[in-house]
Amino acid sequence: MRSTELFTKTKKQAPADEVSKNAQLLIRASYIHKEMAGVYTFLPMGLRVLENICQVIREEMNAIGGQELKMTTLQDPEIWQATDRWDDEKVDVWFKTKLKNGSEIGLGPTHEEPLIRAVKPYISSYKDLPFLAYQIQTKFRNETRAKSGVMRGREFLMKDLYSFARTEEEHDELYEKIKQAYFKVYKRLGVGEQTFLTFASGGMFSQFSHEFQTVCEAGEDTIYLDRKKGIAINEEVNDDKVLAELGVKREDLEEVRAAEVGNIFTLKDKFSKPLGLNYLDENNQEMDVLMGCYGIGPSRLVGVITELLGDDKGLVWPYEIAPFKVYIVRIGDSEAVIKATDKLYAELNEANIEAFYDDRDVRPGEKFADADLIGIPIRLVVSEKTLAGDEVEFKKRTDSNIEMVKLVDIIERIKSN
């Protein structure tokens, strides 16, 4: 991508009505456009980051046997009424509308019920289980407040995975496998060291459910963290009985603000029983399928990563999810500089290193400022000065040091990053 081909432009000031750091930086860098409160368009740069996050999640879900599908946003009230989740008094985040014939439909906030209806024709025997099915899909939730940028939206992207098992033991094995996959996701996204398994209320099904909370001042949750054990406790279950069960001491707990970046739940037969999802076991006995649900919000993670890693100059993207790996700055418009920079850009593309080429006719300082704001991991500068030594200036976004690297060695240097 060349800067002169990109229709978006960076901004010096964030909108006055945006109070969150993530919204301010993402809008200034032209990653997102605010449509209304809690509703954002992902512009080309932002979409690249979002898709890279989704790809990391997809790879880790596939690695544990997850099968991807795509479900409908429009929801039939019938199956939600069967599980008592259509009534606004029971689930208060529904967006609902009416068809021309007067019948009511909803916009899906989650997908346990419709997925059960979709898989039910394929499950009859114990031989059909277990399996994992997931999607990465837009969800709609009628949030009361939406003041945290893309960290809390009324329209947002979610990866929701569902496990289907025969026995509690089998469910527990799947649950643990998915838990470990989540840790791999957060590590690859650059927030693994700040993200902790957090014990929360398990409701009627188990003593605990689990959240994944990233320590972040902009987070909306309060958790109590035992850094030595690497676990945390949500304030809703922070009592002496729970502390004793988990083997932690109150004096070892640190109260911190955190942002929830994932959650996993044991469902048992809460949804399968009312919707008739069952199978015949080895003894030809009818048994209810046991389920779990597991969520990660890719669009929310864009905001959390921005809050956590962004600095006073702008965005800072981990290498794996950055929109481009390299930001090329061309200084000067002599034939030699243009030719050398064009050649470097072509060589990077041939080496499958995604590069953003700032070929604008603006001052070097403006290019450097945009490079920092946009947050691409590596900046390369080509100028008459660097070409005098057949070199290019190499700088990491997270490092103030500048290296001079020979042009012939630059691809190897980038790959060794």
Open item on the list: Val39 - would you say it is touching an Asp or Glu at 6+ places or on another chain (Cβ under 9 Å), hydrophobic (A, V, I, L, M, F, W, C) and not assigned by TED's automatic domain parsing to the domain that holds Ile374?
Closed with: yes
TODO: Looking for whichever is touching a strand residue (DSSP E or B) at 6+ places or on another chain (Cβ under 8 Å) and under 30 Å from Asp269 (Cβ atoms) here; the options are Thr41, Thr73. Which one fits?
DONE: Thr73
Task: Given (1) closer than 30 Å to Glu286 by Cβ; (2) touching a Gly at 6+ places or on another chain (Cβ under 7 Å), number of the condition Glu143 does not satisfy - done: (1)
Task: Residues located in the stretch 163-211, provided they are closer than 22 Å to Glu245 by Cβ, touching a Pro at 6+ places or on another chain (Cβ under 9 Å) and surrounded by 15 or more Cβ atoms within 10 Å (Cβ to Cβ) - done: His171
- [ ] Look through the stretch 29-54, keep the residues that are charged (D, E, K, R) and either modelled with pLDDT of 95 or more or in a helix (DSSP H, G or I) (or both), and return whichever of them is surrounded by the fewest Cβ atoms within 10 Å (Cβ to Cβ).
- [x] Glu51
Task: Tally, over the stretch 21-49, of residues that are closer than 19 Å to Ala218 by Cβ and in contact with a helix residue (DSSP H, G or I) (Cβ under 7 Å, 6 or more places away or on another chain) - done: 13
Open item on the list: Considering only residues that are crowded, with 18+ Cβ neighbours inside 10 Å, of a type in the set (A, V, I, L, M) and either without any contact (Cβ under 8 Å) to a residue 12 or more places away in the chain or within 24 Å of Gly262 (Cα to Cα) (or both), which ones fall in the stretch 55-96?
Closed with: Val56, Ile57, Met61
- [ ] Note down all Cβ pairs under 7 Å where the first residue falls in the stretch 381-397 and is touching a residue at least 12 places away in the same chain (Cβ under 8 Å), the second is among the small types (Gly, Ala, Ser) and not in a helix (DSSP H, G or I), and they're at least six residues apart or on different chains.
- [x] Ser383/Gly332; Glu384/Gly332; Glu384/Ser334; Arg397/Gly375
- [ ] Return the only residue of Val392, Val408, Val382 being at negative phi, of a type outside the set (Gly, Ala, Ser) and loosely packed, with under 12 Cβ neighbours inside 10 Å.
- [x] Val408
Open item on the list: Any residue in the stretch 271-284 that is among the charged types (D, E, K, R) sitting within a Cβ distance under 8 Å of a residue that is part of a loop (DSSP other than H, G, I, E, B)? List the pairs, counting only those 6 or more apart or interchain.
Closed with: Asp281/Arg166
Task: helices (runs of 4 or more DSSP H) (entirely within the stretch 324-417) containing at least 2 residues that are touching a Lys or Arg at 6+ places or on another chain (Cβ under 7 Å) and closer than 23 Å to Leu50 by Cβ - done: 364-374
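The values are calculated or read from the model by the stated rules, or taken from the named source; none is laboratory data. Please read all numbers here as calculations on a predicted model, not as lab measurements. We place every Cβ from the backbone using ideal geometry, glycine too, and count neighbours over all the protein chains shown.
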